[in-house]
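A.B. asks: Input: one structure, supplied below.
What follows draws every value from the coordinates through simple rules; no lab data is involved. These numbers come from a predicted model, not from an experiment.
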Amino acid sequence: MSTGQVSALLAPVVALNIWTFVMEGWMYKTRIPVYTKMNLRNTSTKRELDAMTPANVRWKADNYNHLMEQPTQFYAIALVLALAGKDDKIDIMLSWSYVAVRVVHSLVHSTNNHIMTRFSLFVTSSAILAVMTGRAALLVF
């Protein structure tokens, strides 16, 4: 990455952030109508609320929360690679692959929530992230 030029690794970072906002909007769109119809108490616990919320509504919130977990590692590693000037075709392809797999994971989780499909997608995204982490480690150690 030359001075003054934006690393191509930043586009997948921004794309996954945009996707996270899409999921947040979808969560609110499905959650607010359900909660509006419920007789909620200010003392309701998360567990009580989850028990009253239909699973297909809960899945969107669960997925949004998951987008606050492992993807934070992706953001950090992508930024390390970008700052180190290591934005070659392999790293760019890995980054976009990670984002694509996470988007598909979100769609599966939020619609039919097929566990084995979700698990396979999670393992795939983890493997991609592990390769990216290894490539970053080779740069900094």
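A.B. asks: Lysines near Lys37 by alpha-carbon distance under 26 Å, same-chain residues fewer than 8 away left out - which ones?
C.D. replies: Those lysines meeting the cut-off are Lys29, Lys46, Lys60.
A.B. asks: Rg (Å, one decimal) plus Dmax (Å, integer) for the alpha carbons of the chain?
C.D. replies: For the chain, the Cα-based Rg and Dmax read 18.0, 58 Å.
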